[in-house]
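To keep things clear, I will list the structure first and then write my remarks on it.
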Amino acid sequence: MSLRSAFDSPERKRAYNRALFTTIADRYDLITAVLSYGQDARWKRTLIKMAQVRPGERALDLACGTGDIAFAAAAKGARVVGLDLTHRMLQLAHRRQGYGGQAPVGFITGDMTDLPLRSASFDLVTTGYGLRNVPDLTLAIDEIARVLRPGGRLLSLDFNRPQPALVRAVYLSYLTVVGATLGWLLHRDPDTYRYIPASIRRYPGATGVAALLAARGFTNVRVVPLLFGLMTLHLAERSR
Ligand SMILES: C[S@@+](CC[C@H](N)C(=O)[O-])C[C@H]1O[C@@H](n2cnc3c(N)ncnc32)[C@H](O)[C@@H]1O
């Protein structure tokens, strides 16, 4: 499927994502560190710090990938489930767990827009670069609201979509050039990492996501800008 048609419908976006992340899974951690100039680990530490994880809490990390956030929450004493659409990502997460030294996490394959989990069964939901990738953002937010107990917290880390047109154009052009070069060098396919700017272009960005959270049953919605506002942390609470 071409990148151009990946956004034509929720089904296409889901299928595109699964194929894309299966392709890049084995290099994902390295590429993320390179593309973020090493900042990704720091942003995730900030997320975990702001999540104020308490021992024994039930936590769900959505789009968990190879498990960075899930393992960090588990290290704070939470009982963590990690969920991802891509089987290969979860195999790598399992392998990390097998190396030892990681607090235990339960991993399940699933879609953020249709969670195979009981309502009101989590105190905390986290996601790193998850919301931008879902086939339907409103459905994903509704599912997060459903599985959180009243008063439960959501923390989401993702790219922002800069509002000033000039900043957005320069930023997306930069990501397109870097993404195309990396995609060609690593996979002989420039579209591989051009997906990032393409998905940002179609994303409502920090203020849009905050408005949607407020409209779909969350209170105390906060937007924390990172990297001069190019990245964002959202914090919100499920209404009581
Ligand atoms: C950019 S990676 C982020 C991985 C991890 N959260 C991190 O921060 O390193 C995006 C992840 O979202 C997953 N994903 C994409 N669409 C999804 C969906 N609809 N439901 C669940 N996971 C999804 C992909 O398989 C991939 O592992």
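Just so it is clear, none of the values below were taken in a lab; they were calculated from the coordinates. A quick note: this is a predicted structure, and the numbers were derived from the prediction, not measured. Positions of Cβ are backbone-derived with ideal geometry, glycine not excepted, and every protein chain shown enters the neighbour counts.
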Next on the checklist: Let me spell it out: the conditions are (1) more than 10 Å from the ligand (Cβ to nearest atom); (2) surrounded by fewer than 19 Cβ atoms within 10 Å (Cβ to Cβ); (3) not in a strand (DSSP E or B), and Ala145 meets all of them except one. Which number is the exception?
Outcome noted: (2)
Checklist outcome for this item: Selection from segment 68-91 of residues surrounded by fewer than 18 Cβ atoms within 10 Å (Cβ to Cβ) and aliphatic (A, V, I, L, M) yields Ala75
Item to check | Subset of segment 41-67 [under 25 Å from Arg194 (Cβ atoms), surrounded by fewer than 22 Cβ atoms within 10 Å (Cβ to Cβ) and touching a residue at least 40 places away in the same chain (Cβ under 8 Å)] | outcome: Trp43, Lys44
Item to check | Residue check, Arg95 more than 19 Å from Arg132 (Cα to Cα) and of a type outside the set (Asp, Glu) | outcome: yes
Checklist outcome for this item: Exactly one of Thr32, Thr22 is of a type in the set (Val, Ile, Thr) and free of Cβ contacts under 8 Å to residues at least 40 places away in the same chain, and that one is Thr32
Item to check | Residues of segment 202-219 that turn out to be touching a helix residue (DSSP H, G or I) at 6+ places or on another chain (Cβ under 8 Å) and either part of a helix (DSSP H, G or I) or under 13 Å from Arg132 (Cβ atoms) (or both), as a count | outcome: 6
Item to check | Criterion (among the polar types (S, T, N, Q), surrounded by 16 or more Cβ atoms within 10 Å (Cβ to Cβ) and not in a helix (DSSP H, G or I)) met by exactly one of Ser199, Ser156 | outcome: Ser156
Item to check | Where a residue in segment 146-174 is β-branched (Val, Ile, Thr) and its partner, wherever it lies, is part of a helix (DSSP H, G or I), with Cβ under 7 Å and at least six apart | outcome: none
Next on the checklist: When you check Arg222 against the structure, is it without any contact (Cβ under 8 Å) to a residue 24 or more places away in the chain and not in a helix (DSSP H, G or I), yes or no?
Outcome noted: yes
